[in-house]
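Chemist: Let me begin by handing over the structure; questions about it come next.
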Amino acid sequence: MADAVKSAAEPAPAPSAQPGSLADELRGLVANLLFLSESEALFTVVELPADAILPDALRALATLPPDAPAEEWAVPDVLDAFAQPDQPDAARYAALLKFLSKKLSRAVAYKLGTVKKSVFFIGRQPDKRWLGARTEAVET
């Protein structure tokens, strides 16, 4: 399954390589955006095939064991605090939240692992493939 997983560092499949694709739009939204926790981390864009099973495919992408803890969250429950007007990059987080809720179906957030967690915001594209943004958080 790991070889079916695509990240921003790998070439995107042909449909996403088209200008104006949802993956390109998401890349623009998260470019140089920092996710702040007890550390700060950049986002990368991830794509998974339509038949990928979450959170198992996300664990594989994060190179975590199959039994690593996986917390499922509603996207607003994680991102709303970042989109408040008094927060750095609030407008960018609001745009990311809007993208996830309006352009992807079944959008969800996953926090995988313990303490240093892989965090994914992911949903389905119209063609049913998964698209999302990955980052890391330190939570002690």
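The values are calculated or read from the model by the stated rules, or taken from the named source; none is laboratory data. Keep in mind the model is a prediction, meaning the values are calculated, not measured. When we count neighbours, we look across all protein chains shown, and the Cβ atoms used for this are built from the backbone with ideal geometry, even at glycine. SASA here: full protein model, heavy atoms, side chains in, ligands and nucleic acids out. Shrake-Rupley method; radii C 1.70, N 1.55, O 1.52, S 1.80 Å.
Chemist: Do you know the relative contact order of the chain, to the nearest whole percent, from alpha carbon pairs under 8 angstrom that are 6+ apart? Walk me through the numbers before you get to the answer.
Modeler: Values: 255 pairs, mean separation 39.1, N = 140.
Dividing the mean separation by the residue count of the chain yields 28 percent.
Chemist: Once label points are set 7 Å from the Cα along Cα→Cβ at both K116 and N32, what is their separation, rounded to one decimal in nm?
Modeler: That separation, rounded to one decimal, is 2.6 nm.
Chemist: A further question follows. Return the sequence-ordered ³J(HN,Hα) values of the range 114-131 in whole Hz as given by the Karplus equation 6.51 cos²θ - 1.76 cosθ + 1.60 applied to θ = phi - 60°, using x for Gly and Pro.
Modeler: 10, 6, 8, 9, 7, 10, 10, 10, 9, x, 8, 7, x, 7, 6, 5, 7, 9
Chemist: Next up: What list of ³J(HN,Hα) couplings, whole Hz, do you get for the range 61-76 from phi and the Karplus terms 6.51, -1.76, 1.60, once you set θ to phi - 60° and write x for glycine and proline?
Modeler: 4, 7, 6, 9, x, x, 9, 4, x, 9, 9, 9, 10, 6, 3, x
Chemist: While we're on this one: In the P(r) worked out for the chain, what percent of Cα pairs fall beyond 23 Å? It would help to have the intermediate numbers written out before the result.
Modeler: Details: 2693 of 9730 pairs.
I get 28 percent for the Cα pairs in the chain exceeding 23 Å.
Chemist: Ignoring ligands, DNA and RNA, what percent of the accessible area of the chain is carbon or sulfur (1.4 Å)?
Modeler: Details: 4040 of 7170 Å².
Carbon-and-sulfur percentage of accessible area, whole number: 56.
Chemist: Taking amide hydrogens as modeled 1.01 Å from N in the peptide plane, which residues meet the under 5 Å criterion relative to V46, leaving out close sequence neighbours?
Modeler: G132, A133, R134
Chemist: Follow-up. Once amide H atoms are placed 1.01 Å from N in the peptide plane, what residues at a sequence separation of 5 or more from L33, or on another chain, have their amide H within under 5 Å of its amide H?
Modeler: F43
Chemist: Any idea which of S21, L131, V78 is furthest toward the positive side of the dipole for the chain, if Lys and Arg beta-carbons carry +1 and Asp and Glu beta-carbons -1?
Modeler: Checking the options against the dipole of the chain, the answer is S21.
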